[in-house]
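One structure below.
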């Protein structure tokens with residue numbers, strides 16, 4: 001892992017479940033996307049990762065094995 005990914009990983013582990021009370025989440029809720037913000041608070045609800053090219057073409061699906 002590079003330094004940026006280590007920082008992101010450590011920050012994620014220290015926070016726990018996302019709060020989503022920030023400025024952008026509040027704006028999305030004001031725009032009527034409250035259900036979307038609520039859905040985005042879920043963690044690990046899918047066991048598949050979609051990998052995309054930069055032009056958004058589907059490259060692969062990969063199932064995540066639980067350890």
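The values are calculated or read from the model by the stated rules, or taken from the named source; none is laboratory data. The structure displayed is predicted, hence computed values, not measured ones. For neighbour counting, all protein chains shown are included, and Cβ atoms are generated from backbone atoms with ideal geometry for every residue, glycine included.
The table that follows gives values for the structure above.
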quantity	calculated
Condition broken by residue 53, with the remaining ones in (1) out of contact with any strand residue (DSSP E or B) (no Cβ under 6 Å at 6 or more places or on another chain); (2) at pLDDT below 85; (3) at negative phi satisfied	(1)
Segments classed as helices (runs of 4 or more DSSP H), wholly inside the stretch 1-47, with at least 2 members that are touching a helix residue (DSSP H, G or I) at 6+ places or on another chain (Cβ under 7 Å)	23-30, 34-40
Positions within the stretch 1-49 being surrounded by 10 or more Cβ atoms within 10 Å (Cβ to Cβ) and touching a strand residue (DSSP E or B) at 6+ places or on another chain (Cβ under 6 Å), in sequence order	47, 49
